[in-house]
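None of the figures in this text is laboratory data; all of them are computed from the coordinates on show. As the structure is a prediction and not an experimental result, all values here were calculated from the model. Here the Cβ positions follow ideal geometry from the backbone for every residue, glycine too, while neighbour counts run over all protein chains shown.
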Amino acid sequence: MTTIKATMPGVFYRRPSPDAEPYVSEGTEVSEGQTIALIEVMKTFNEVKSEVSGKVTKFLLDDGDEVSMGQDIAEVDGA
């Protein structure tokens, strides 16, 4: 199991806009480098990319949650 961590502080979002589907959901297979979420910092949206390939087993944050640098965002199995 690998944990994807925030690379910067800000506000966490799982979807590109409020009415869009999430980038990925729990149970989704992801590839290394695939965008899984966004972190907003001062009105700039930064992509959070998976560091590994595998299945997302759990998101540890909800849309709109504040996130700190280095905080765990999601767990990926099979990496």
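I need the full set of residues from region 50-75 which are part of a strand (DSSP E or B) and crowded, with 17+ Cβ neighbours inside 10 Å, in order please.
If we filter region 50-75 for residues that are part of a strand (DSSP E or B), which is where we start, we get 54-59, 66-67, 72-75.
Gly54, Val56, Phe59, Val67, Ile73, Ala74, Glu75 - these are the residues of region 50-75 that are part of a strand (DSSP E or B) and crowded, with 17+ Cβ neighbours inside 10 Å.
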Quick one: Glu21 ticks every box in (1) assigned to a strand (DSSP E or B); (2) free of Cβ contacts under 8 Å to residues at least 60 places away in the same chain; (3) not polar (S, T, N, Q) except a single one, so which number is it?
(1)
Taking only region 24-49 into account, find how many residues are in contact with a strand residue (DSSP E or B) (Cβ under 7 Å, 6 or more places away or on another chain), not in a loop (DSSP other than H, G, I, E, B) and not small (Gly, Ala, Ser).
13
Can you name the number of the only condition in (1) surrounded by 13 or more Cβ atoms within 10 Å (Cβ to Cβ); (2) more than 18 Å from Val76 (Cα to Cα); (3) without any contact (Cβ under 8 Å) to a residue 24 or more places away in the chain that Asn46 fails?
(3)
Does region 1-18 hold any residues that are within 17 Å of Gly70 (Cα to Cα), hydroxyl-bearing (Ser, Thr, Tyr) and in a loop (DSSP other than H, G, I, E, B), and which are they?
Thr7
Answer yes or no as to whether Glu66 is out of contact with any Leu (no Cβ under 7 Å at 6 or more places or on another chain), closer than 23 Å to Met1 by Cβ and touching a residue at least 24 places away in the same chain (Cβ under 8 Å).
no
